[in-house]
Amino acid sequence: MEKKTSDAQLRATRAWEQRNKEKAKIGSYRRTARLFINKHSNLDDLEEMKNLIVLREEELKK
(Lines give C-alpha, C1' and ligand atoms only; values in the text may rest on other atoms or scores of the structure.)
Protein backbone atom coordinates (compact mmCIF):
# COMPACT_ATOMS: atom_id res chain seq x y z
CA MET A 1 0.00 0.00 0.00
CA GLU A 2 1.43 3.33 -1.07
CA LYS A 3 1.54 6.30 1.32
CA LYS A 4 -0.56 9.30 0.36
CA THR A 5 1.66 11.81 2.17
CA SER A 6 5.26 12.34 1.11
CA ASP A 7 8.12 11.97 3.56
CA ALA A 8 8.98 15.65 3.08
CA GLN A 9 5.43 16.68 4.00
CA LEU A 10 5.47 14.45 7.08
CA ARG A 11 8.78 16.00 8.20
CA ALA A 12 7.41 19.50 7.61
CA THR A 13 4.28 18.71 9.61
CA ARG A 14 6.28 17.28 12.51
CA ALA A 15 8.58 20.32 12.47
CA TRP A 16 5.59 22.67 12.60
CA GLU A 17 4.13 20.70 15.51
CA GLN A 18 7.43 20.98 17.38
CA ARG A 19 7.56 24.76 16.84
CA ASN A 20 3.88 25.24 17.70
CA LYS A 21 3.24 22.78 20.52
CA GLU A 22 0.41 24.74 22.12
CA LYS A 23 -1.48 25.23 18.83
CA ALA A 24 -1.02 21.56 17.97
CA LYS A 25 -2.33 20.51 21.39
CA ILE A 26 -5.39 22.77 21.10
CA GLY A 27 -6.10 21.45 17.59
CA SER A 28 -5.95 17.91 18.91
CA TYR A 29 -8.39 18.75 21.72
CA ARG A 30 -10.76 20.37 19.21
CA ARG A 31 -10.71 17.33 16.89
CA THR A 32 -11.26 14.98 19.82
CA ALA A 33 -14.22 17.00 21.12
CA ARG A 34 -15.85 17.10 17.69
CA LEU A 35 -15.37 13.36 17.22
CA PHE A 36 -16.91 12.63 20.60
CA ILE A 37 -19.89 14.91 19.98
CA ASN A 38 -20.55 13.66 16.45
CA LYS A 39 -19.89 9.93 16.85
CA HIS A 40 -20.06 8.82 20.47
CA SER A 41 -22.23 11.12 22.58
CA ASN A 42 -25.74 10.44 23.83
CA LEU A 43 -28.38 12.96 24.88
CA ASP A 44 -27.08 13.17 28.44
CA ASP A 45 -23.55 13.86 27.18
CA LEU A 46 -24.80 16.59 24.87
CA GLU A 47 -26.79 18.25 27.65
CA GLU A 48 -23.70 18.26 29.87
CA MET A 49 -21.62 19.76 27.04
CA LYS A 50 -24.21 22.50 26.51
CA ASN A 51 -24.06 23.42 30.20
CA LEU A 52 -20.26 23.48 30.16
CA ILE A 53 -20.27 25.70 27.08
CA VAL A 54 -22.66 28.19 28.69
CA LEU A 55 -20.51 28.34 31.83
CA ARG A 56 -17.35 28.84 29.79
CA GLU A 57 -18.95 31.58 27.70
CA GLU A 58 -19.97 33.43 30.86
CA GLU A 59 -16.45 33.06 32.25
CA LEU A 60 -14.85 34.44 29.08
CA LYS A 61 -17.23 37.41 28.91
CA LYS A 62 -16.15 38.61 32.37
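The values are calculated or read from the model by the stated rules, or taken from the named source; none is laboratory data. All of these numbers come straight from a predicted model, not from anything done at the bench. Positions of Cβ are generated from backbone atoms using ideal geometry, with glycine treated the same way; all protein chains shown enter the neighbour counts. Heads up: the accessible areas ignore ligands, DNA and RNA and are worked out on the full protein's heavy atoms, side chains in. Shrake-Rupley method; radii C 1.70, N 1.55, O 1.52, S 1.80 Å.
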A chain fully extended from Leu60 to Arg14 at 0.36 nm per residue, minus the present Cα-Cα distance, gains in nm 13.4 nm
Taking a cut-off of 20 Å between Cα atoms, list the lysines near Lys50, but don't count ones fewer than 8 places away on the same chain. Lys39, Lys61, Lys62
Report the FRET efficiency, 1/(1 + (r/R0)^6), for Glu47 and Ile26, where r is their Cβ-Cβ distance and R0 is 25 Å, rounded to 0.05. 0.50
Using only the alpha carbon atoms of the chain, find the Kirkwood hydrodynamic radius as the inverse mean reciprocal pair distance, in angstroms to one decimal. 14.6
How about the chain: which GluC sites (Glu not before Pro) there are in a DSSP loop, with at most 12 other Cβ atoms within 10 Å of their Cβ? Glu2
Counting each DSSP H run of 4 or more residues in the chain as -39500 (n - 2.57), what helix-only mean residue ellipticity at 222 nm follows after dividing by all residues, to the nearest 500 deg cm²/dmol? -25000 deg cm²/dmol
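Per residue, what accessible area does the chain have, given a 1.4 Å probe and all protein chains present, in Å²?
101
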